[in-house]
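The values are calculated or read from the model by the stated rules, or taken from the named source; none is laboratory data. Not measured: the values here are computed from a predicted model. Counting neighbours? That spans all protein chains shown, and the Cβs are built from the backbone with ideal geometry, glycine included.
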Amino acid sequence: MAEEQTEEKQVATKKRAGKTNVANVVRHVVQVCVLLLFCAPVLISGWQLLGLSAGSNSAVSTPAELPFFGTLSSSSIGPVVPLDPFGMLQVICASKTIDLGWIPGMLIVIVVYGLIRGRAFCGWMCPVNLFCEIIDWIRQKAGLKVEEMPIPRRTKVWIAVAVLVLSLICSVPVFEVVSPISFINKGLVVGSFVGLFTLIAIVLAELFYGHRVWCRSICPLGGFYQVLGKVGLVNVRIDHEKCIGCNKCKKVCNCDPDILTACIEGQDTMVRSGDCMLCTKCTGACPTAALAIKIGRTPAPAKPEDPKPASDAE
């Protein structure tokens, strides 16, 4: 019986070998479409994009008059105005005040990513993640070797806290001043060069220092969503009967290979770490389809009880 199961796993492995990770391709398409979506109102209005004009005869006087306009920091979708919650927390700290009108916009984003999974933003929406995956691919093709995890991944949570404290002290939303997301996203939409030097530093770090060190360990926005990612209804789950322990999933993980350890070692049935981006790299790399992204959460495994003292056992 065991031999038959082994043969079935080998057949499944051969069938999946060399197949394209369709979900990963879809994710990259979504990332590109998100960037284009933000550019569309500017082009439709006949305004300039990266110094290039889309035309002189404007359909509307300003992009803001269209049904959708904005950036990843603040957007308007008809009457709805989603706001980046971490950005707004910085503004609240910097201004030492809060406008109750900001709360609904923040809650929209928090609830959406809270229901899905916090760092799904990083995996599916953030343009810096897409940019880093391109740099990662270039580094691999160039044969450049870097450390896997030079900085602990939880460091970014403390950096997020430090950003809020510094915003309070300096009266400036600190991360918004240096955010590489601002350069890629706002640079396209409104021509902002804020965050350019941060992006250059990320490129150098990715090429010569550490694998995905910005996204894994430094980005404070990622730290914010890591905390939010402790909950979420969309998760990576494992079928232990299909897992052959090849560790291919850990080799391609965009977050931290360690978040898959409990599943692979049979200690859990899903990835519980708030760091998971739902990037589909692990599910696509699994040769036996043991890993899959599914809706719902499984009960957490019971913690092993401490052994009783010898006197109690007697």
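For the reader, a short list of remarks on this structure follows.
- Failed item, numbered, when CYS246 is tested on (1) in a helix (DSSP H, G or I); (2) at pLDDT 90 or above: (1)
- Boolean, GLY274 is free of Cβ contacts under 8 Å to residues at least 40 places away in the same chain, out of contact with any Ser or Thr (no Cβ under 6 Å at 6 or more places or on another chain) and not assigned by TED's automatic domain parsing to the domain that holds GLN140: no
- Leading residue by the ranking (nearest to ILE293 (Cα to Cα)) among those in region 258-273 that are of a type in the set (A, V, I, L, M, F, W, C) and outside any loop (DSSP other than H, G, I, E, B): MET270
- Selected residue (criterion: nearest to ILE293 (Cα to Cα)) from residues of region 219-257 that are in contact with a Gly (Cβ under 6 Å, 6 or more places away or on another chain) and buried (at least 23 other Cβ atoms within 10 Å of the Cβ): GLY229
- Scope region 281-300; condition under 17 Å from CYS243 (Cβ atoms) and in a loop (DSSP other than H, G, I, E, B); matching residues: CYS286, PRO287, THR288, ALA289, ALA290, THR298
- Residue check for PHE131: hydrophobic (A, V, I, L, M, F, W, C), assigned to a helix (DSSP H, G or I) and touching a residue at least 12 places away in the same chain (Cβ under 8 Å): yes
- Checklist (1) of a type in the set (Gly, Ala, Ser); (2) surrounded by fewer than 17 Cβ atoms within 10 Å (Cβ to Cβ); (3) over 23 Å from the mean Cα position of the chain (by Cα) applied to ALA94, failing item: (2)
- A count restricted to region 187-231 and to residues that are under 17 Å from CYS279 (Cα atoms) and modelled with pLDDT under 90 stands at 3.
- VAL165 β-branched (Val, Ile, Thr), surrounded by fewer than 21 Cβ atoms within 10 Å (Cβ to Cβ) and either more than 16 Å from the chain's Cα centre (by Cα) or not in a helix (DSSP H, G or I) (or both): yes
Okay, residues lined up against (1) touching a helix residue (DSSP H, G or I) at 6+ places or on another chain (Cβ under 9 Å); (2) at pLDDT below 75; (3) closer than 28 Å to ARG119 by Cα; (4) assigned to a loop (DSSP other than H, G, I, E, B):
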residue: GLN10; (1), (2), (3), (4): no, yes, no, no
residue: THR20; (1), (2), (3), (4): yes, yes, yes, yes
residue: HIS28; (1), (2), (3), (4): yes, no, yes, no
residue: VAL34; (1), (2), (3), (4): yes, no, yes, no
residue: LEU37; (1), (2), (3), (4): no, no, yes, no
residue: GLY55; (1), (2), (3), (4): yes, yes, no, yes
residue: ALA64; (1), (2), (3), (4): yes, no, no, no
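- For region 78-104, a tally of residues being within 20 Å of ILE181 (Cα to Cα) and not in a helix (DSSP H, G or I) returns 4.
- In region 68-86, the residues that are over 16 Å from ILE44 (Cα atoms) and touching a residue at least 60 places away in the same chain (Cβ under 8 Å) form Cβ pairs under 9 Å with partners that are in a strand (DSSP E or B) and not small (Gly, Ala, Ser), at six or more places apart or across chains, as follows: SER73/LEU83.
- Counted residues, region 137-155 - those being assigned to a helix (DSSP H, G or I) and touching a Leu at 6+ places or on another chain (Cβ under 9 Å): 3
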